[in-house]
Structure formats: C-alpha cells, structure tokens
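Student: Quick one: the structure is below, and I'll ask about it shortly.
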Amino acid sequence: MQSPLFNYTEQQSQDRYTVQNPQLLRVSLTGHEDILARKGAMVAYQGLMEFDGEYQSHGQRRARASTGEGLDLMRCSGQGTVYLANLAQYVHVVDVDHDGMTVDSAYVLALDSSLHTEVIAVDSQYGISGTGKYQLNISGSGKVALMTSGQPLMLQVTPDKYVNADADAIVAWSSSLRVQMQAQTHSSGVMRRRGDTGEGWELSFLGQGFALVQPSEVLPPQSAQIGQGLAAQFGMGQQGSHAQNQNNAWN
C-alpha cells in the first residue's frame, strides 16, 4: 500500500513529551513515572498501558462543585507510548518551575502527576458578587501540555509594560503576576459590554512574566455550558455568552 499518509509516521524522540504534530501529543512512559491526562484524550497507545480514573480528595471535589474549576483526569501508567489529543486543538508543552503557572483548566491536556494543582479566584475590580473568575494554579517542577484553539500569542509582561487580555481568550499566565479583572472604563457601564464593540470582561496583568492568549474567545464545545449570574451573561471564560453561543451552535 502506498499513500502520502505514510509521511505521518511516529516521531522518534528520547523525550517523555513529544509533539507528534501540532495537534497530537506523544508521551513515553517507562514504568517509573506516570502522568495525568484529560479523561477521554487518549487516541492511541502502544505497549502495556493502564488508564485509571484519577481520585479526587474531598477538598478537590468540594472546590470543583463550588467553583466549576478543576480537571477530570485519568492516570496513565505502564511501559509504552500513549497519544493524546482533544478536538484537534494545538498542543504546547510547558516546563513549570518554581514560579508556577496559572491556567484555565479547560486548556490542560496532560501534566506530570508530581505537580500540585489548586483552584484560585480572580476577583472583579468592582467587587460584584458572581463576577469573579476561577483558575487553576499549577506549582512544582514538571511538564504541562496545554491546548489552544489556533496558534497562540505569548505576551511578555514587564513592570513598565502591562498586558490586558480578553477573559475568554486568555489561556495561562505566570503565577507571580498580579491580576485584576475589569470591565468598562467606568463603573456605570459594568452591566453591559463596551458600547457596541462586543468587548466585555478582561484581565489586566502586572509584574514580570508572561501571558498566553489564543486567537479564539470560546472554549471547546464539550466544555461550553450555560452559566448563571452576571459572569455568565457578559462573557467570561467557559460560562460566558461566547461559550453559550458555541454550545447552541453544536446542538
């Protein structure tokens, strides 16, 4: 059999995490370490592999129930190679160091099991109940595989150059950054999007680090859900009006 498809053979690498192609991650396991991956993300594997639903502590379950933020994980272990993907999104491998990384959990494909995760809150500058945004803080030393809808933009944040990003487009940022959620330039307009521009909630980043933005303001359809409260009405992350629109389009 002959076909141009044979140009897409397995990538050979000594690294544990290898981007097989822009939308597919290859992870090699030797039996000594395992990884945590998004449930349902496995598309193929070779060798003696096991996939188990990851146990969540009572505190993690409670945080997930109250914030909606968290990861539905499976533990991948054994000896062999596993291939992971999610809705053909672009895959990026990041080394997490002592500075840590904060990320929307909807964009996490896999991570080292040695890393620590914790749900944190980003508050609105107006202190309005229900307009805060919850994110996942990842700390420790290890690797995380992130996903983006399209090729992303990495923005450097410095003390003399802060960055603003749409709350529906931001993927991750350095945990050391100071973050503020804001809406209108004046508080009287906080209940509506900026005039007729279609722009709404945004995050402002100050300090020294990075902010990763994707060229899309909606989450994958399996994560889109109709939220409640002000945050849901005015477009913010996985419970925003953008996500609702996409969810309706896929139904």
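The values are calculated or read from the model by the stated rules, or taken from the named source; none is laboratory data. This is a predicted model, so every value here is computed, not measured. FYI the Cβ positions are ideal-geometry reconstructions off the backbone, even for glycines, and counts take in every protein chain you see. Heavy atoms of the whole protein, side chains included, go into the accessibility calculation; ligands, DNA and RNA do not. Shrake-Rupley method; radii C 1.70, N 1.55, O 1.52, S 1.80 Å.
Student: Which number in (1) modelled with pLDDT of 90 or more; (2) out of contact with any Cys (no Cβ under 9 Å at 6 or more places or on another chain); (3) buried (at least 17 other Cβ atoms within 10 Å of the Cβ); (4) farther than 22 Å from residue 216 by Cα marks the one condition that residue 44 misses?
Tutor: So residue 44 meets the others, but not (3).
Residues checked against (1) at pLDDT below 95; (2) outside any loop (DSSP other than H, G, I, E, B); (3) among the polar types (S, T, N, Q); (4) at negative phi:
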{"site": "138", "(1), (2), (3), (4)": "yes, yes, no, yes"}
{"site": "145", "(1), (2), (3), (4)": "no, yes, no, yes"}
{"site": "171", "(1), (2), (3), (4)": "yes, yes, no, yes"}
{"site": "180", "(1), (2), (3), (4)": "yes, yes, yes, yes"}
{"site": "195", "(1), (2), (3), (4)": "yes, no, no, no"}
{"site": "199", "(1), (2), (3), (4)": "yes, no, no, yes"}
{"site": "243", "(1), (2), (3), (4)": "yes, yes, no, yes"}
{"site": "246", "(1), (2), (3), (4)": "yes, yes, yes, yes"}
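Student: Pick from 112, 166, 160: which is within 15 Å of residue 211 (Cβ to Cβ) and at pLDDT below 95?
Tutor: 166
Student: So which of 124, 105 is under 15 Å from residue 171 (Cβ atoms), small (Gly, Ala, Ser), open to solvent by less than 40 Å² (accessible area, probe 1.4 Å) and at pLDDT below 95?
Tutor: Going through 124, 105 in turn, the sole match is 105.
Student: I'd like the full set of residues that are of a type in the set (Gly, Ala, Ser), under 27 Å from residue 35 (Cα atoms) and surrounded by 14 or more Cβ atoms within 10 Å (Cβ to Cβ), limited to the range 130-168.
Tutor: Once the filter is applied, which keeps residues that are of a type in the set (Gly, Ala, Ser), under 27 Å from residue 35 (Cα atoms) and surrounded by 14 or more Cβ atoms within 10 Å (Cβ to Cβ), the range 130-168 yields 139, 140, 142, 145, 149.
Student: Within the range 78-97, which residues are of a type in the set (Ser, Thr, Tyr) and either over 10 Å from residue 28 (Cα atoms) or under 17 Å from the mean Cα position of the chain (by Cα) (or both)?
Tutor: Correct list: 90 only.
Student: Report, ordered by the first and then the second residue, all pairs with beta carbons closer than 9 Å, sequence separation of six or more or different chains, a first member in the range 205-216 that is touching a residue at least 40 places away in the same chain (Cβ under 8 Å) and open to solvent by 30 Å² or more (accessible area, probe 1.4 Å), and a second member that is assigned to a loop (DSSP other than H, G, I, E, B) and of a type in the set (Ser, Thr, Tyr).
Tutor: So the pair list comes out as 206/162; 208/176; 215/149.
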